[in-house]
Each structure stands twice: as structure tokens, then as C-alpha cells.
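Structure first, commentary second.
Derivation of every value follows stated rules applied to the coordinates shown; laboratory data play no part. Values in this document were obtained by computation on a predicted structure and should not be read as measured data. Cβ atoms come from the backbone with ideal geometry, glycine included; neighbour counts cover every protein chain shown.
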There are 2 protein chains.
Amino acid sequence: MSAVIIDGKAVAAAVRGEVGERVRSLTAAGVRPGLGVVLCGDDPGSATYVRNKGRVAEQLGVRFDLHTPADDSSTADLHALVEQLNRDEGIDGIIVQLPLPKQIDADVIVDAVRPDKDADGFHPFNFGRLAEGARPPVVAGTPAGCMELLRRYDVPLRGARAVVVGRSAIVGRPMALLLLNGDCTVTICHSRTVDLPAVCREADILVAAIGRPGMITADYVKPGACVIDVGITPVDGTVRGDVDRASVEPVAGWLTPVPGGVGPMTVAMLMYNTVALCAARRAGGVPASLR
Amino acid sequence: MSAVIIDGKAVAAAVRGEVGERVRSLTAAGVRPGLGVVLCGDDPGSATYVRNKGRVAEQLGVRFDLHTPADDSSTADLHALVEQLNRDEGIDGIIVQLPLPKQIDADVIVDAVRPDKDADGFHPFNFGRLAEGARPPVVAGTPAGCMELLRRYDVPLRGARAVVVGRSAIVGRPMALLLLNGDCTVTICHSRTVDLPAVCREADILVAAIGRPGMITADYVKPGACVIDVGITPVDGTVRGDVDRASVEPVAGWLTPVPGGVGPMTVAMLMYNTVALCAARRAGGVPASLR
């Protein structure tokens, strides 16, 4: 037996197809979804990510409104830009590409985004809704993408033991909360966890969001478990995941490859969020909780 | 060997003493902390809780500004009242006693409280900060009280395995996040968890927030574990916890009794929150994230 390889490219293409459909029907009704993007600083990764997002937006017919304020902008400059996008009727989602230059207080900028235009799902208000167990209007693209993979591959959630390795605010924590809301019994591990392999072997669903290439080997994996690899560490011109595929594939029940697993989902879910926010705000009314 | 019984009455008295000190020094500086309270509906438990809070506020010198709108008030009526308290310079903390009457949209009312006056720590913005791993200005009184008990009894957190049974928005979820932020490896269990006793036996710190009297017996407890009992089910004129004390006391390392464990902490931490919010907003400036 060998793990079912979860085809993130195919699932992402399916999600993009569905989102594109929705963009067409909204646009036909006179409401074209718009994504406002703030790119500030000279981080080379950020430039690549934003380019990729712009390409997908264009494919789907989403308006892509890119702003590139000068590298030496102040917190007040970026705050004013976000406020302008907040007020712009044609902008449904706003993303502030992180990291921002050091002189900028990133919390102030992220918090300034209107919760009902928070395409990245990073605003504390939306994260708070998720943490409470309510269904927030948007969830950060990477964990939302992982959930979509589990759903489309019919991985059983209810009562399953899920172990998330990594407690970042943008992956580990929201992932754990989504799995909890999906009725898993959830454990969150991190650098202080004692005997990590033993804890991981309890998992029916193991999510690795660590950033250490190949760290998760077969001795971390319960036979038949679903292993979701969120790692994307650049190595020699490609990316490597946190999971040692050669070792884990014979043991696991499902496995997301890197590249081609979780990676392609992130941007697809960002577009999904943008269009969902557009529909909620302009073609149906804003949920009461966000007014 | 028998468990150390954690004396919540004594710890709560110590917290109240420290808070009272701070109230006196703020008041001497011309800034008397004020707590605005909204009590609506005929829930008998609510009336008792609010009376108790008023008594403690008076003891500590905190102004207690009680509002009791009519039982048939609308969401708009309560929203207007909360807005009035939001604007009142002399009000530092606002609590809306739950449950509210059925005709009221409780989410709208809770969300309307200014995050920097959110004495209960229930606002999604503050909960989101906690979920992200940031230190929020306030944390809901019951889970904050549990953490205070762990701290004052020197229960080791870093690397400990913590299991929280119950995933409510006001206890289980914030408790799990606080333990995670304290470097525990945290598992959250609930009604869908398979083989709950086995999962609980993994715990160095076991938090029971279920609401089923006496459910947690010795076979749920690892020898030497710290058992925190958040249950307070009214039974025959007293309250009973989720832990079967007679069975668990010989096995556990620490145990909170019911009554006299977690219970007394909740109101003490509410007063702590009110005074902390007062100091932040009126005697030092509001944190940037809350402006």
C-alpha cells in the first residue's frame, strides 16, 4: 500500500473554475469583484507572490488594483492607502503583502483593513470569529486550502485525531481551529513539545507547518494517516516540504506533495475570499456582525 | 500521596487585594475605575452574578454603573445603551450579562462594545489577538483565572501536555489558547472525541469544562497531573464540578475544588481587567492596536 497523493494542482484548478464562474455572473450583474493589493518594500518573495496573484486574478476576471508605495513609506502613509481602499466601492478584498519594511507597524496596517474586505482573513476580528467557533466570512488562504483538500478527498474529520505541528498566526493556529470546528480532536505542537514523534503518531490527520525540509519521517506517522505538508522552503531553485516523501509515502493513507499540494491552493482560496466578500457586501448585504 | 488542593478563595482574595491597591492609587490620581453593566432579562442566575460583581466592585472602590433595560428591549435599544457606555469617559469596562432575551441579537451587542472597554474579553477583536498568540489587553475572566491559579501554584507549563475538555467560546477555546501561549502542547476535546479517558490520561494539565457533575473520575487522570475543574452545575442548593473529587484526589498532583477553586477567580479577574483597561486608556494611553 502506498499513500493516495493529493493533487493540489487539480483541486486548485477546480476551485479557480468555480470562482471564475461566480466572477462572470457577478460581472454580468454589474458587480465586478476587485482586489486591492499593497506591495511595499523590496522583499523578492513578495514581488513573486504578488505577480502570481495578479496573473490568477486576471485569468478569473477579478480586477487587480496594485499599489506599490515607496520603500521608505511611513505607517501613516500605508494607513492612508488602506483607508482609501476601504472607501473604494469597487474594491471587495484588500491584501497587504507581508513582510512590510521595518519602519512600518504591520499590526496597525493589518488592523486598518475593513473586516468585510479582509481577503487574507488576517484581521483579528475575523480570526476571533474563527476562534470562537463561528463561521467567519473569510479564512486565511493556506489553512482554508488545506481544509478544501481534506474535503475534496473525503478524509474523515469527525472524531479524528488531528495534530498540527507549528503555531504560527497564519497557518498553525487557524488550521487547528478549523480542524476543531470540523469536529476533530486537535493537538497543537511546537518547538517546546516533548517527544514530537510520539505525539505525531497519535494523528489520523497530521499537518506539518514547521519550515524544516524533510523533518517528518515515517516514525512520525501512524499507518494510514493523512499527512498535509504546508512546508515550502526554497532549496536549490525548487521548494521542499516538511515531509520526507520517500519515507512517509509507504506509511501514510494520503499525502500532499511539495510542490503541487497545498501551495497552489493558497491563491485559489484568496480569490475565493475576494469573490465571497464581494457577493456578501455588494450583492446581498453585509452580515450583521460586520456592519 | 494526595493532591494539593488549590485554594481559589485565597488566590482570588490576593488578586482582589492587588486590584484594590491599584484602584486606590488610580483614584488618588483622579482616575476612578468604572464598570458599566448591562443586565437585561429575567435570568435568575444573571441577577445573582451581577449582584456578586457589584458587591466586589464596591469592596474594591470600582464605580459600578448598573443598567437594567426592560425585558422587552430591542437589539437597537441595547445597542444605543452600549454606545452610551462606549462614549462615557468615566466607564473603563463594559459587561453585557449573558444570556440576553431571545429577541436580542447577542453578537451585535457584544461586538458593539469598544475593544478597549471589553472587560469580559468576549469581543472578537480581543479574542482574535489571543488566538494569534499576541497578548491581548484582556482575557475572559474564567480562563484567565485558571491561568492565575496555575501560575501561583507553580504548575510547570512549558512543554507540558495540556488537555482541555470542552470547546465553548468563553472557557474551553480561550483556555486552550492561553495554555498554548504558555508553551504547553495542547489538545482540545469535545463531545465528538473518541476514547476521552485515554486522551485525558495523556494530560499533565487537565482542564474540565464540560458541565457534567462528577464525570471526570480517576481513570481520566494521569498520576500527578494538575486537574482544573471549571464545572459549576447547581445541585441541591450547592454547586458541583465536573470532577469526582473522591476518586481523583488520591491520583492527581493538584486539584481545584468546587466550590472554592476556579469559581472565585472569575469576578476577581473581571475587576483586574477593568482596572487594567482603565490604566491603559486613561492613565497611559491606549495600545496602538486598539486605537
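Before moving on, here are some points about what is shown:
- The criterion of at least 1 residues that are surrounded by fewer than 16 Cβ atoms within 10 Å (Cβ to Cβ) is met by the following helices (runs of 4 or more DSSP H) wholly inside the range B:28-127: B:44-60, B:75-87.
- Of the residues making up the range B:233-242, those that are under 17 Å from B:MET175 (Cα atoms) and surrounded by fewer than 19 Cβ atoms within 10 Å (Cβ to Cβ) number 0.
- B:VAL207 vs. criteria crowded, with 20+ Cβ neighbours inside 10 Å and in contact with a strand residue (DSSP E or B) (Cβ under 8 Å, 6 or more places away or on another chain): yes
- Among the conditions (1) touching a Lys or Arg at 6+ places or on another chain (Cβ under 8 Å); (2) of a type in the set (Gly, Ala, Ser); (3) within 26 Å of B:GLN84 (Cα to Cα), B:ALA29 misses just one, which is (1).
- Within the range A:215-254, the set of residues being polar (S, T, N, Q) and closer than 16 Å to A:PRO197 by Cα comprises A:THR217, A:SER247.
- Within the range B:181-201, the residues that satisfy the criterion of being facing chain A (nearest Cβ under 7 Å) and surrounded by fewer than 24 Cβ atoms within 10 Å (Cβ to Cβ) are B:ASP183, B:ARG192, B:THR193, B:VAL194, B:VAL199.
- Residue count, the range A:89-110 (criterion: over 18 Å from the mean Cα position of the chain (by Cα) and within 13 Å of chain B (Cβ to nearest Cβ)): 6
- Some residue of the range B:151-165 being assigned to a helix (DSSP H, G or I) and over 16 Å from the mean Cα position of the chain (by Cα): yes
- Enumeration of residues in the range B:58-101 that are touching a residue at least 40 places away in the same chain (Cβ under 8 Å) and over 19 Å from B:ASN273 (Cα atoms): B:LEU78, B:LEU81, B:PRO99, B:LEU100, B:PRO101
- Condition met for B:ARG173 (within 9 Å of another protein chain (Cβ to nearest Cβ), of a type in the set (D, E, K, R) and within 21 Å of B:GLY128 (Cβ to Cβ)): yes
- Within the range A:216-226, none of the residues are within 14 Å of chain B (Cβ to nearest Cβ) and buried (at least 24 other Cβ atoms within 10 Å of the Cβ).
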